[in-house]
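Student: Here it is, the structure in full.
The values are calculated or read from the model by the stated rules, or taken from the named source; none is laboratory data. Values in this document were obtained by computation on a predicted structure and should not be read as measured data. Ideal geometry is used to build each Cβ from the backbone, glycine not excepted, and the neighbour counts take in all protein chains shown.
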Amino acid sequence: MTGRHAVHVRGLEKAYGDVRAVKGIDLDVAEGEMFGFLGPNGAGKTTAIKILCTIADATAGSATVAGHDVQTQRADVRRRIGVVFQEPTVDTYLTAEQNLRFHGELYGMPRRLLAERIDEVLEMVGLADRRHTEVLKFSGGMKRRLEIGRGLLHAPEVLFLDEPTIGLDPQTRASIWTYIAELRRRQDITIFVTTHYMDEAEHCDRIAIMNDGEIVVADTPEALKNRVGADRVSIRTSDDAVAIERLRERFGLDAAVHDGMVTVKVPGGAQFVPRLFAELGLAIETVTVTRPSLDDVFMAYTGRTIADTEQAGGASAMLRAMAARR
Ligand SMILES: Nc1ncnc2c1ncn2[C@@H]1O[C@H](COP(=O)(O)OP(=O)(O)OP(=O)(O)O)[C@@H](O)[C@H]1O
C-alpha cells in the first residue's frame with residue numbers, strides 16, 4: 001500500500017434541503033496516516049464521513065477511498081473499509097464472539113478465516129477473556145472496543161471512526177486511544193477519525209479543522225500550533241497593576257488579567273521567563289508558560305472557541321428539530 005491516497009476528495013458538497021452540511025471540501029489522506037476531522041457538533045464531519053463510507057450521496061464533487069470511487073464503485077469501497085459510528089450497533093443480547101461472527105457472515109467471510117480473525121481481533125481490543133460474555137454486561141468502553149474490533153474484522157485498508165469516544169469517561173477515552181495506537185503498530189491501516197475533543201486530535205498525524213461545512217485549515221497538530229505562534233506566560237505578582245504597566249513599558253507587551261493571573265502572549269515563552277524575572281523589578285510569586293493548544297488554533301481560525309460554537313450549534317439544531325416537529 002504505497003503511492004496512493006487512501007482518501008482523495010475534491011469539491012465535495014452535501015445539502016439537506018436548505019442546510020448545506022458540507023460546502024465543497026478538498027482533502028487528501030495518505031496511506032497509513034491517522035487523519036482527524038475536528039470540529040464542533042453540526043460542522044459536517046459525520047456527513048462527510050457518511051459520503052466516504054458510501055452511506056450518503058454527495059450533492060456535488062468527487063471522492064475515492066482505497067482507490068475506488070464512492071459513488072460509482074460502492075461495493076469495492078465497502079469491502080475495503082471498516083466503520084464505527086457514533087450510535088452503538090452491537091447486539092447486547094449476543095456475546096462478544098457472536099456479534100463478531102454475525103458480522104463476518106454478513107461480509108461473507110470464509111468460516112476458517114473468520115474464526116482466525118475473531119481470535120486476533122478480540123485479542124487486539126483486549127476482550128479475549130470476555131468472548132463468551134453477553135454484551136449487555138459490558139461497560140461503555142468495552143462495548144466501544146468491541147465495535148472497533150468489529151470494524152476491523154475483515155482487515156479493512158481504511159478504518160473510519162466517528163467520535164469513537166463520545167459519551168465515555170476520560171479514563172476510558174484514554175484507553176480507547178491506547179488501543180487505536182496499538183492497532184496502528186500491528187496493522188498497515190489508514191485511520192480516519194472524527195472528534196470534537198481537542199485533546200484527542202493530538203493523537204493524529206494530521207488534522208483538518210471543520211467548521212460550518214468547510215475545512216478551515218489542515219496540517220499536523222504541531223504545525224497548526226506553531227502557526228498560531230505565541231506562548232502564553234501568566235504570572236502572579238505582588239502588584240498586578242504595576243506588573244501590567246511595566247510589561248508595557250519595559251517589554252512592549254500588552255498584558256491582561258485572566259483567571260487572576262497577569263497574562264501576556266510571547267513567542268518563545270520559556271526563554272522569556274528569565275528576562276521577566278531579571279527586568280520586571282517586582283516579586284513574582286508564580287509563573288506558568290502555556291504552549292498554544294488546538295483550542296487556540298481553533299480560536300485563531302474561526303474567531304470562536306469550540307465550546308462557543310457548540311452552544312450556538314446546539315441552539316440552532318434544537319430550533320431545527322422543533323421546526324421539523326411542527
Ligand atoms: N439527515 C439529515 N437531514 C437534515 N439535516 C441533516 C441531516 N444530517 C445532518 N444534517 C445537518 O447537517 C449539518 C451537519 O451535520 P453533521 O452530523 O454532519 O455534523 P457533525 O460535525 O458530524 O456533528 P456531530 O459532531 O454532532 O456529529 C447539521 O446542521 C445537521 O443538522
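Student: I need the strands (runs of 3 or more DSSP E) fully contained in segment 172-232, keeping only those with at least 3 residues that are polar (S, T, N, Q).
Tutor: 190-195
Student: What residue, among those in segment 58-94 that are part of a strand (DSSP E or B) and in contact with a helix residue (DSSP H, G or I) (Cβ under 7 Å, 6 or more places away or on another chain), is surrounded by the fewest Cβ atoms within 10 Å (Cβ to Cβ)? Before you say what the answer is, go through the steps one by one.
Tutor: Restricting attention to segment 58-94, the residues satisfying the condition of being part of a strand (DSSP E or B) are 60-65, 68-69, 81-84.
If we keep only those that are in contact with a helix residue (DSSP H, G or I) (Cβ under 7 Å, 6 or more places away or on another chain) too, we end up with 63, 65, 68, 82-84.
Working: Ala63: 22, Val65: 28, His68: 19, Gly82: 22, Val83: 22, Val84: 21.
My answer is His68.
Student: Still on this structure, I have one more. Tally up the residues in segment 39-56 that are more than 6 Å from the ligand (Cβ to nearest atom) and part of a loop (DSSP other than H, G, I, E, B), please.
Tutor: As a first pass, look at segment 39-56 and keep what is more than 6 Å from the ligand (Cβ to nearest atom): 40, 48-56.
Checking the rest, the ones that are also part of a loop (DSSP other than H, G, I, E, B) come to 40, 53-56.
Selection size over segment 39-56: 5.
Student: So if I check each of Leu113, Leu94, Leu106, which one is more than 22 Å from Glu163 (Cβ to Cβ) and at pLDDT below 90?
Tutor: Result of the check over Leu113, Leu94, Leu106: Leu106.
Student: Here's something else I'd like to know. Residues of segment 227-245 being of a type outside the set (D, E, K, R) and without any contact (Cβ under 8 Å) to a residue 60 or more places away in the chain, which ones?
Tutor: Selection gives Val233, Ser234, Ile235, Thr237, Ser238, Ala241, Val242, Ala243, Ile244.
Student: Next up: If you go through segment 273-297, how many residues are in contact (Cβ under 8 Å) with a residue 40 or more places away in the chain and either over 32 Å from the mean Cα position of the chain (by Cα) or within 25 Å of Leu38 (Cα to Cα) (or both)?
Tutor: Going through segment 273-297 one residue at a time, the tally reaches 16.
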